[in-house]
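Working notes, beginning with the structure itself.
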Amino acid sequence: MTQEGRSFDQIVTGDIHIEKLNKYKYMITFRKISNFLLYQVWNKNNEIFNNKRAVGYVSPKKWITQFKKYNKYLEKNKKLSFTPTAIMDMENDMRAFVIRKACLNSLGKIVFIVSTKEISLENNIPKKMIELPNGKYYNVRFDIDNKECPPDSNGIRNDSCNFGF
């Protein structure tokens, strides 16, 4: 039996440059970036976690390191990669995509490789929601899907992949 762990939604803001790579794929480079704010989401099965929800900041480099480490773990265990859905808010102009890769470029800048192919627009959402504009944008907010820790070798989920808080 697996014990559920905490899950965290994530928010980051920054000045970015967007470059279209192909029909569905884009590169988002952060020219300036805040720390990632992680906040614990409600857990339907664990009242103890709900009574003391964790909130904290993580540096961008630590977030990237953890993102890569988590996906290596999943790959090693033949599981699907963590590719969170994200909503990007550019002054109330929302766009949706999936973060396929997160890394540092040769200049030490945070880069997201994102895809809109996996997004299914519902309820008459305009197509522009999945069309990212090329160019530079300032003070852009990203709301990133939750991340849940995988179980350890004993089947117990712990908070080790959620930056320890």
Legend entry - Every residue from segment 1-36 that is at pLDDT 95 or above, of a type in the set (Ser, Thr, Tyr) and part of a loop (DSSP other than H, G, I, E, B): Tyr24, Ser34
Inset, instruction - Take segment 94-106 and flag every residue that is touching a residue at least 60 places away in the same chain (Cβ under 8 Å) and exposed (fewer than 14 other Cβ atoms within 10 Å of the Cβ). - result: Asn105
Inset, instruction - Hey, can you tell me all the residues within segment 47-93 that are surrounded by 15 or more Cβ atoms within 10 Å (Cβ to Cβ), outside any loop (DSSP other than H, G, I, E, B) and at pLDDT below 85? - result: Phe49
Inset, instruction - Considering (1) among the charged types (D, E, K, R); (2) over 17 Å from Asn146 (Cβ atoms); (3) free of Cβ contacts under 8 Å to residues at least 60 places away in the same chain; (4) surrounded by 13 or more Cβ atoms within 10 Å (Cβ to Cβ), say which one Lys109 fails and leave the rest. - result: (3)
Inset, instruction - Identify the residue in segment 112-139 that is assigned to a strand (DSSP E or B) and not basic (Lys, Arg) and, among all such residues, is surrounded by the fewest Cβ atoms within 10 Å (Cβ to Cβ). - result: Gly135
Inset, instruction - Could you tell me whether segment 125-143 includes any residue that is at pLDDT 95 or above, under 19 Å from Lys68 (Cβ atoms) and of a type in the set (A, V, I, L, M, F, W, C)? - result: yes
Inset, instruction - Give me a count of the residues in segment 67-93 that are touching a residue at least 24 places away in the same chain (Cβ under 8 Å), of a type outside the set (Gly, Ala, Ser) and under 21 Å from Leu38 (Cβ atoms). - result: 13
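The values are calculated or read from the model by the stated rules, or taken from the named source; none is laboratory data. Please read these numbers as outputs of a predicted model, since none were measured by experiment. Note that each Cβ is placed from the backbone with ideal geometry, even for glycine, and that neighbours are counted across all protein chains shown.
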